[in-house]
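First the structure, in the form of structure tokens, and then the observations on it.
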Amino acid sequence: MINELDLDIKRCEDVLIENNYLEIVIAIEELHDKYKNTIDSISNINSNVVWNYSKKDIENIQKSLKEYKEELILKEKQKSIEEKIKDLKFYIEKNNILKKNNVLEVIKSIEEINNADLNLDEKWNKLKGCLDILKNQEREIGTKLLEIIVLVSK
């Protein structure tokens with residue numbers, strides 16, 4: 001889906017550069033049909049009279065596609081973080097690890113930081129405290145925790 005969005009965003013850029021009204025209208029019509037059920041801001045474009053379209057419409061579509069792409073990326077990132085945390089908790093339950101309760105507390109802290117409404121710098125500053133536990137863990141736990149910390153801080 002992301003690759004498809006990239007192609008459509010590129011198409012908007014190309015049509016804007018060409019500045020060919022007919023190509024703009026065609027692109028608007030095709031992108032409107034493609035995304036009208038997915039992206040609200042695109043479904044709001046009035047398609048009753050195609051000759052009322054303007055460059056601004058294609059710019060708005062391009063902006064909407066970029067926002068939608070960012071939204072999808074964030075959802076995928078969140079899903080990946082949740083899966084990695086779930087896998088790590090399962091691994092901890094099934095294996096004998098050092099300072100099990102401390103690791104579980106760090107995981108809980110990472111989850112809270114991830115779900116907090118913080119910018120990336122604030123998240124990173126809070127996540128730094130979770131790095132100390134890595135020193136005393138075996139490679140498997142340490143790398144899994146580090147991977148989650150990196151994902152949350154990006």
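The values are calculated or read from the model by the stated rules, or taken from the named source; none is laboratory data. Predicted model, so just to flag it, every value in this text is computed and none were measured. Ideal geometry is used to build each Cβ from the backbone, glycine not excepted, and the neighbour counts take in all protein chains shown. Just so you know, the surface numbers come from the protein's heavy atoms only, side chains and all, with ligands and any DNA or RNA stripped out. Shrake-Rupley method; radii C 1.70, N 1.55, O 1.52, S 1.80 Å.
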Worksheet item: How many of the residues in region 79-111 are under 12 Å from Glu140 (Cβ atoms) and among the basic types (Lys, Arg)?
Response: 1
Item to complete: Among what's in region 109-125 and is closer than 30 Å to Asn3 by Cα and of a type in the set (S, T, N, Q), pick the residue that is surrounded by the most Cβ atoms within 10 Å (Cβ to Cβ).
Response: Asn114
Worksheet entry | Number of positions in region 28-39 that are assigned to a loop (DSSP other than H, G, I, E, B) and open to solvent by 60 Å² or more (accessible area, probe 1.4 Å) | 3
Worksheet, complete the sentence: The residue from Ile42, Ile58 that alone is free of Cβ contacts under 8 Å to residues at least 24 places away in the same chain, assigned to a helix (DSSP H, G or I) and surrounded by 13 or more Cβ atoms within 10 Å (Cβ to Cβ) is Ile42
Worksheet item: Which residues, taken from region 11-27, are crowded, with 18+ Cβ neighbours inside 10 Å and among the β-branched types (Val, Ile, Thr)?
Response: Val15, Ile24, Val25
Worksheet item: Can you tell me which residues in region 126-154 are open to solvent by 40 Å² or more (accessible area, probe 1.4 Å), more than 19 Å from the chain's Cα centre (by Cα) and in contact (Cβ under 8 Å) with a residue 40 or more places away in the chain?
Response: Glu138, Glu140, Lys144
Item to complete: Return the pairs, sorted by first residue and then second, in which the second residue is at pLDDT below 95 and open to solvent by less than 90 Å² (accessible area, probe 1.4 Å), the first residue lies in region 69-95 and is among the hydroxyl-bearing types (Ser, Thr, Tyr), the beta carbons are less than 9 Å apart, and the residues are 6+ apart or on different chains.
Response: Ser80/Leu151; Tyr91/Ile97; Tyr91/Glu140; Tyr91/Ile141; Tyr91/Lys144
Practice prompt. Look at region 62-108 and say how many of its residues are under 18 Å from the mean Cα position of the chain (by Cα) and either of a type outside the set (S, T, N, Q) or open to solvent by 40 Å² or more (accessible area, probe 1.4 Å) (or both).
Written response: 21
